[in-house]
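Enquirer: What follows is a single structure, and I will ask about it in a moment.
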Amino acid sequence: YHNTINLDNAATSTSSACLYIYSCCTSLNAQNAIVNNNIFAVTNAASASVCFYFVNGYYYSIANTSSAFDYNVFWKAGAGASTAIAWDWGTQPTPSNIVGLQGQSTGIAYNSNSKYQNMQFYSNTDLRINYTTLAFPRQAMVLADYNGTSRPANTDPGAYETPTPNNEVAITGITAPA
């Protein structure tokens, strides 16, 4: 839960991934894998890396178990809605067929609350985010972020809680038109 993973490499193979699951589970016990409230980003537009890679086709097994794979943020620089951002047993899922969809034949939601967006890190080595309007339900066992900042009930994805921005500009009155 609550990890921030950024790949800024120039990999030429899709086997380079933020999350790589190889032979972790079978379709019968895939529900033991819970992947929530993470940021998976590939910020090098020239990279063939993907946000996640499932070797044995288990994504849909995990995905069809309640919300075991949900409330994540995916991003691949230079990718459009039809560009592969993942790899699953030979298929290459895209943002348009991963994020915000309902389960296949079971009707169970998976990634229905996940987003595809650039979280705009401070830098490729400082993975704090400048600002976000995303608020995902906090995982019960994750009460603080990587820096020890308390997490509210609705929290930011990833390793860091984003501080509430200060108002730099305020309207104090309107004098015209009358």
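The values are calculated or read from the model by the stated rules, or taken from the named source; none is laboratory data. Bear in mind the structure is a predicted one, so any value in this text is a computation, not a measurement. Neighbour counts are summed over all protein chains in view; Cβ atoms, including those assigned to glycine, are modelled from backbone coordinates with ideal geometry. Note: accessible area is taken over every heavy atom of the protein model, side chains too, but ligands, DNA and RNA are not part of it. Shrake-Rupley method; radii C 1.70, N 1.55, O 1.52, S 1.80 Å.
Enquirer: State the extension gain, in nm to one decimal, for the chain segment bounded by Ala144 and Ser13, taking 0.36 nm per residue of separation less the distance between their alpha-carbons.
Expert: On the way: separation 131, 0.36 × 131 = 47.16 nm, distance 3.53 nm.
Here the answer is 43.6 nm.
Enquirer: What ranking of Tyr160, Tyr146 comes out by heavy-atom accessible area, probe 1.4 Å, highest first?
Expert: So, going from the largest accessible area down, we get Tyr146, Tyr160.
Enquirer: I need the peptides 147-159, 41-53, 120-132 ranked by packing, meaning the mean over residues of other C-beta atoms within 10 angstrom, with the highest value on top. Numbers along the way, then the final one.
Expert: Numbers: 147-159: 16.1, 41-53: 21.1, 120-132: 14.2.
Descending packing order for the listed peptides: 41-53, 147-159, 120-132.
Enquirer: Another question about this same structure. Could you put Thr4, Thr83 in order of accessible surface area, largest first, with the 1.4 Å probe and the full protein assembly present?
Expert: On the way: Thr4 25, Thr83 50 Å².
Ranked from most to least accessible, the order is Thr83, Thr4.
Enquirer: What list of ³J(HN,Hα) values in whole Hz, one per residue of region 114-125 in order, does the Karplus curve 6.51 cos²θ - 1.76 cosθ + 1.60 (θ = phi - 60°) give from phi, with Gly and Pro shown as x?
Expert: Values, residue by residue: 6, 10, 10, 7, 7, 7, 6, 4, 4, 7, 6, 10 Hz.
Enquirer: Given H placed 1.01 Å from N in the peptide plane, which residues other than close sequence neighbours of Ser114 have an amide H under 5 Å from its amide H?
Expert: Distant-sequence amide H within range of Ser114: Tyr71, Asn72, Gly100.
Enquirer: Let me ask something additional. List the residues, sorted by chain then number, that are 5 or more residues from Asn44 or on another chain and whose placed amide H is less than 5 Å from its amide H.
Expert: Answer set, sorted by chain and number: Asn9, Ala77.
Enquirer: Now for a different question. In nm, to one decimal, how far is the modelled label at Ala176 from the one at Ser123, with both set 7 Å along Cα→Cβ?
Expert: It works out to 4.6 nm between the two label points.
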